[in-house]
Amino acid sequence: MIDDDLVWAVRAAVYAHFAETGHAPSAAMAGARLGLSEAEAVAAFVELHRRHALFLDEATGAIRMAHPFSAIPTDFVVHANGRQYWANCAWDAFGIPAALGAAARAEMAYADTGERVRLHVPPEGAADGARVHFLLPFTRWYDDLVFT
């Protein structure tokens, strides 16, 4: 069994890397940050995925999501601290500024019309008048997290 402190240290390293670069670290990068082998970092990634604390790509084992951050380009773009981040959804576009403790500009499109929207999001993560609609209730998000 993998040590709990190690698992959470790897998670913190993943989030620090996202915040600093706008991109997900590889297992080798996360491991190096903590003086771990790549294999130890991979084991922690797998455990974090099992706990729904990270979401790994099934085909590659690489990080796909570390909520609110997306490791792949999406239609939900957040600009903060001089960097660009991708959010997984509109909800996460509000979560990135909150996670960073920074004001941000979020850009996305309405799903029904395709109209582009730009919102100023304060560090608290709430934008005046912003509303988000989810197609599925929270209890079903992990049925197909990429779709959700």
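Things worth noting here:
- Every condition in (1) touching a helix residue (DSSP H, G or I) at 6+ places or on another chain (Cβ under 9 Å); (2) crowded, with 19+ Cβ neighbours inside 10 Å is met by R64 except one, and the failing one is (1).
- Among the residues here, A80 qualifies as in contact with a Lys or Arg (Cβ under 8 Å, 6 or more places away or on another chain), more than 27 Å from D143 (Cβ to Cβ) and either crowded, with 19+ Cβ neighbours inside 10 Å or of a type in the set (A, V, I, L, M) (or both).
- When residues of the range 1-23 are limited to those that are of a type outside the set (A, V, I, L, M, F, W, C) and touching a residue at least 60 places away in the same chain (Cβ under 8 Å), the one surrounded by the most Cβ atoms within 10 Å (Cβ to Cβ): G22
- Counting only helices (runs of 4 or more DSSP H) that fall entirely inside the range 1-109 and contain at least 2 residues that are touching a Gly at 6+ places or on another chain (Cβ under 6 Å) and among the hydrophobic types (A, V, I, L, M, F, W, C), the qualifying elements are 90-100.
- Top-ranked residue of the range 115-128 - restricted to ones that are at pLDDT below 90 and part of a loop (DSSP other than H, G, I, E, B), ranked as farthest from the chain's Cα centre (by Cα): D128
The values are calculated or read from the model by the stated rules, or taken from the named source; none is laboratory data. None of these values were measured; they are calculated from a predicted model. Cβ sites come from the backbone with ideal geometry, for glycine too, and all protein chains shown count toward neighbours.
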